Amino acid sequence: MSEQQITLSITGMTCVNCVRSVERRLLKKTPGVIAASVNFATEKANITYASEQITPDEIISAIKKAGFGVAHKDVVPTATKHAHKFWIAVLFTLPLMLLSMSPELGRYGDWLMLLMSLPVQFYVGWDFYVGSWKSLKNGTANMDVLVALGTSVAFFYSLTVLLFPTWGEHLYFETAAMIITLIKLGKWLESRAKSQTGAAIKKLMGLTPKTAKVIRDGVESDILIDAVIVGDIIIVRPGEKIPVDGFIIKGQSTVDESMITGESLAVQKQINDTVIGATLNKQGLLKIKATKVGKNTTLAHIIRLVQEAQGSHAPIQHLADKVASVFVPILIGLAFFTLFAWWIGTDFTTGMIRMVAVLVIACPCALGLATPTAIIVGSGKGAEHGILFKNSDALEQAHKLKVIVLDKTGTITTGKPTITDLIVTDYNQTKMLRLAASAERGSEHPLGEAIVKYALKQKISLSEPQDFQAISGEGIAATVDKHSVVLGNKQTLDSPLLISELKRLQSEAKTVIRVSINHQMVGLIAVADTVKQGSAEAVTALHRLGLKVVMLTGDNQATADAIAQEVGIQHVVASVLPKDKCTQIKRLQEEYGLVGMVGDGINDAPALAQSDVSMAIGTGTDIAMETADVTLMRGDLRTVSQAINISKATLRTIKQNLFWAFAYNMTLIPIAMGILYPFTDLPMMIRTLHPSLAAAAMALSSVSVVMNSLRLKNHRL
């Protein structure tokens with residue numbers, strides 16, 4: 001089965017119950033849809049489907065059958081629509097309010113009030129009727145049902161009294177109009193605030209240059225970025241953005257990568273160095289060969305990760321979803337209970353007004369926005385600092401970690417070792433180096449690359465290895481010029497010189513490779529890997545967060561201990577084969593609880609998958625980045641504590657949002673029902689909570705939740 005993914009912009013959603021309607025339609029009534037996650041804040045649906053069973057057009061058709069739309073690029077933004085209808089509502093509601101305060105106009109004034117209320121009720125408020133029909137048709141009740149029911153009760157009661165004066169004394173056309181106007185105002189402000197939550201992703205999308213200067217057949221020309229293909233040679237002048245991923249074939253410069261990695265300092269680049277699309281060439285003229293274009297570039301990968309994280313459901317959101325699914329039906333029941341209770345106790349009109357207030361005050365919009373808006377801003381904040389959360393689950397779980405496991409090579413250290421010592425017995429040193437480097441030409445391991453680079457720097461001519469074999473965690477074996485060559489860390493040493501030198505080199509935190517030629521131990525090659533700038537500071541920050549920090553490495557104990565001591569790590573597990581790293585992670589999970597793993601290489605992928613929250617250094621391999629829950633684009637270990645900091649701040653904001661959303665409803669619903677009516681010292685607007693005031697409070701609750709989430713943008717890391 002071939003799985004495909006598609007992201008669609010959904011129109012017509014007004015609260016979290018609409019989200020459930022779309023998801024239910026896709027998951028339960030649309031064969032071929034494997035997974036569907038709809039985000040109320042972003043108004044987008046991330047859908048995984050089997051391409052053999054269903055097409056994107058059929059998915060769109062299923063969404064439309066549920067009563068919702070799928071937006072295209074030319075659709076008017078939601079905030080603009082709300083603003084348009086709000087101002088029309090104001091145009092009619094303000095005169096309507098003045099008419100309601102002029103009883104001397106008599107019946108003429110009453111009929112004029114009806115005429116003024118009609119555009120508000122049935123043009124501005126038509127969205128609520130349409131939304132109610134869609135919701136009820138899908139077997140749910142959403143915010144639109146509450147607003148449509150509440151305003152219709154007030155409007156049609158007033159119409160009845162107008163037509164049959166003996167049935168009552170007061171008209172409430174202005175109440176229905178004011179409710180619709182205030183809710184439209186709230187929706188407008190909410191939409192504007194929601195658009196700000198996605199500012200980070202919009203900023204990322206705007207980074208890619210529109211054109212590239214390409215050399216084809218010796219001719220230099222500007223072409224659209226979409227026309228660039230892998231292998232194209234691109235000219236980038238000082239001050240220009242690099243259009244695609246690639247590597248430098250001519251020139252040198254400094255490149256500002258802050259828009260991708262969050263690193264403020266420009267990076268020195270020269271021939272063969274890789275460059276990232278959308279970064280800024282600061283100084284020299286560069287010729288670049290394109291290696292990744294279009295959706296395969298680093299920037300496209302980042303945008304995709306952020307979008308997926310923002311569109312996913314955090315575990316904490318399930319509580320709000322469950323509450324919202326039963327909230328509206330319960331509230332409708334409470335509203336009718338309020339109507340009959342006041343009708344029996346006083347009169348129908350009072351009961352009707354109380355009922356309208358209960359219906360309007362109880363809209364669950366704030367509940368639906370509490371979690372996704374915080375997730376959007378939090379993940380966007382991370383992206384701005386080169387911290388990419390794969391999903392909202394990772395964003396939620398990171399702050400709960402008890403242990404952080406750090407790989408050594410490429411994570412704590414630079415991962416770019418260099419040769420420091422060559423120790424030989426009675427064998428020719430140059431010949432040993434030539435054979436060892438030739439054998440390592442078949443290896444992709446950093447230690448092997450270091451040996452090859454060192455030999456080439458010594459201008460030693462290398463041969464092609466035969467019968468190359470990589471022995472996981474132990475070394476390599478190959479045949480070079482009919483010589484059997486083995487490089488590794490497990491061979492037995494029988495020379496007192498080599499045994500003595502091995503101990504010395506390991507005490508200096510150097511990795512020692514044993515060289516055997518034709519089944520005879522001939523020497524040692526010592527390689528040193530320097531500690532990354534900021535690694536010690538990063539470990540201190542993790543300790544300050546109360547985390548147990550463990551180094552997990554395949555290096556020998558002496559080398560690992562030396563590096564650990566330099567950066568301040570007390571717990572070291574050394575000489576661990578790649579296949580055994582998972583076992584070590586499981587042991588830590590059983591002993592301490594949630595474990596986070598930070599790594600950068602293929603060797604780390606299984607351990608990353610086993611950990612509760614996995615973090616991949618972005619300068620590492622693609623497979624580690626794909627496996628990890630969090631990608632640290634800068635390759636700076638200090639961003640681990642920053643990721644946890646973002647997680648803590650985001651979860652704190654979500655909890656604040658949920659608390660105020662629940663508190664708002666739990667406090668104001670009883671007031672709308674009339675619990676404060678006996679307290680005569682209070683103002684009448686509070687004692688009875690006029691429906692207009694209820695509408696204003698409801699609108700304010702949604703806006704306040706979004707604004708609280710936006711505070712995350714200013715959170716200091």
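The values are calculated or read from the model by the stated rules, or taken from the named source; none is laboratory data. Here the structure is a predicted model, which is why all the values come from computation and not from measurement. In this analysis, Cβ positions are derived from the backbone assuming ideal geometry, glycine residues included, and neighbour counts consider all displayed protein chains. Keep in mind that these areas ignore ligands, DNA and RNA; they rest on the heavy atoms of the full protein, side chains included. Shrake-Rupley method; radii C 1.70, N 1.55, O 1.52, S 1.80 Å.
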* Does Glu591 meet the test of being open to solvent by 40 Å² or more (accessible area, probe 1.4 Å), in contact with a strand residue (DSSP E or B) (Cβ under 7 Å, 6 or more places away or on another chain) and either on the phi < 0 side of the Ramachandran plot or in contact (Cβ under 8 Å) with a residue 24 or more places away in the chain (or both)? -> no
* Could you check, for region 61-70, whether at least one of its residues is farther than 24 Å from Gly368 by Cα and open to solvent by 20 Å² or more (accessible area, probe 1.4 Å)? => yes
* Near pairs, Cβ below 7 angstrom, 6+ apart or cross-chain, from region 668-688 (without any contact (Cβ under 8 Å) to a residue 60 or more places away in the chain and farther than 19 Å from Gly345 by Cβ) to any residue that is among the aromatic types (Phe, Trp, Tyr) and surrounded by 10 or more Cβ atoms within 10 Å (Cβ to Cβ) -> none
* Residue check, Ile59 of a type in the set (Val, Ile, Thr) and outside any strand (DSSP E or B) -> yes
* Asked: In region 491-528, how many residues are charged (D, E, K, R), open to solvent by 80 Å² or more (accessible area, probe 1.4 Å) and in contact with a strand residue (DSSP E or B) (Cβ under 7 Å, 6 or more places away or on another chain)?
  -> 1
* Asked: Inside region 170-240, counting only strands (runs of 3 or more DSSP E) that do not spill past its ends, which hold 2 or more residues that are open to solvent by less than 50 Å² (accessible area, probe 1.4 Å) and closer than 15 Å to Lys287 by Cα?
  -> 211-216, 233-236
* To do: Please determine, by comparing only the residues of region 452-490 that are among the β-branched types (Val, Ile, Thr), surrounded by 17 or more Cβ atoms within 10 Å (Cβ to Cβ) and touching a Gly at 6+ places or on another chain (Cβ under 8 Å), which one is farthest from Arg514 (Cα to Cα).
  => Ile476
* Thr667 versus (1) farther than 22 Å from Cys365 by Cα; (2) open to solvent by 30 Å² or more (accessible area, probe 1.4 Å): which is the lone unmet condition? -> (1)
* Hey, does region 488-497 have a residue that's more than 17 Å from Met432 (Cα to Cα), among the acidic types (Asp, Glu) and either in contact with a His (Cβ under 9 Å, 6 or more places away or on another chain) or not in a loop (DSSP other than H, G, I, E, B) (or both)? -> no
* Under 7 Å between Cβ atoms, at least 6 apart or on separate chains: pull out the pairs that start in region 536-561 with a residue that is free of Cβ contacts under 8 Å to residues at least 40 places away in the same chain and within 15 Å of Gln506 (Cα to Cα) and end on any residue that is among the small types (Gly, Ala, Ser) and open to solvent by 40 Å² or more (accessible area, probe 1.4 Å). => Gln557/Ser575
* Residue check: is Ala538 among the small types (Gly, Ala, Ser), closer than 20 Å to Ser472 by Cβ and open to solvent by less than 40 Å² (accessible area, probe 1.4 Å)? -> no
* Return the residue satisfying two criteria in turn: it lies in region 10-51 and is modelled with pLDDT of 85 or more and part of a loop (DSSP other than H, G, I, E, B), and of such residues it is most open to solvent (accessible area, probe 1.4 Å). => Pro31
* Could you check Val531 against (1) touching a residue at least 60 places away in the same chain (Cβ under 8 Å); (2) surrounded by 22 or more Cβ atoms within 10 Å (Cβ to Cβ); (3) touching a Ser or Thr at 6+ places or on another chain (Cβ under 6 Å); (4) over 11 Å from Leu406 (Cβ atoms) and say which number it fails? => (2)
* Asked: All but one of (1) open to solvent by 70 Å² or more (accessible area, probe 1.4 Å); (2) closer than 22 Å to Asn296 by Cα; (3) of a type in the set (Asp, Glu) hold for Asp245; which doesn't?
  -> (1)
* Please verify whether region 618-625 includes one or more residues that are open to solvent by 60 Å² or more (accessible area, probe 1.4 Å), under 30 Å from Phe389 (Cβ atoms), modelled with pLDDT under 85 and assigned to a loop (DSSP other than H, G, I, E, B). => yes
* Go through region 668-677 and give me each residue that's under 39 Å from the mean Cα position of the chain (by Cα) and over 18 Å from Ser692 (Cβ atoms). => Pro670
* Tally, over region 595-616, of residues that are open to solvent by 50 Å² or more (accessible area, probe 1.4 Å) and modelled with pLDDT of 90 or more -> 1
* Asked: Taking region 447-463 as the region of interest, how many residues are in a helix (DSSP H, G or I) and either without any contact (Cβ under 8 Å) to a residue 12 or more places away in the chain or of a type outside the set (Gly, Ala, Ser) (or both)?
  -> 8
* Asked: Which of the residues that make up region 349-402 are of a type in the set (Gly, Ala, Ser) and more than 25 Å from Val595 (Cα to Cα)?
  -> Gly351, Ala357, Ala362, Ala366, Gly368, Ala370
* **Selected residue (criterion: farthest from the chain's Cα centre (by Cα)) from residues of region 687-711 that are among the polar types (S, T, N, Q) and closer than 12 Å to Trp660 by Cα** => Ser701
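Residues checked against (1) farther than 25 Å from Leu182 by Cβ; (2) open to solvent by 10 Å² or more (accessible area, probe 1.4 Å):
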residue: Phe340; (1), (2): yes, yes
residue: Ile344; (1), (2): yes, yes
residue: Cys363; (1), (2): no, no
residue: Ala366; (1), (2): no, no
residue: Ile375; (1), (2): yes, no
residue: Ser379; (1), (2): yes, no
* If you check every pair at least six apart or on different chains, which have Cβ atoms under 6 Å apart with a residue in region 281-300 that is modelled with pLDDT of 85 or more first and a residue that is open to solvent by 80 Å² or more (accessible area, probe 1.4 Å) and not in a loop (DSSP other than H, G, I, E, B) second? -> Lys287/Lys250
* Residue that is farthest from Leu594 (Cα to Cα), among those in region 550-582 that are in a helix (DSSP H, G or I), open to solvent by less than 30 Å² (accessible area, probe 1.4 Å) and not hydrophobic (A, V, I, L, M, F, W, C) -> Thr559
* To do: Only one of these is assigned to a helix (DSSP H, G or I) and under 30 Å from Trp343 (Cβ atoms): Ala649, Ala663, Ala643. Name it.
  => Ala663
* Give the residue that is farthest from Ala41 (Cα to Cα), with candidates limited to residues of region 380-407 that are in a helix (DSSP H, G or I) and among the small types (Gly, Ala, Ser). => Ala398
* Is at least one residue of region 641-652 closer than 29 Å to Ile330 by Cβ and open to solvent by less than 40 Å² (accessible area, probe 1.4 Å)? -> yes
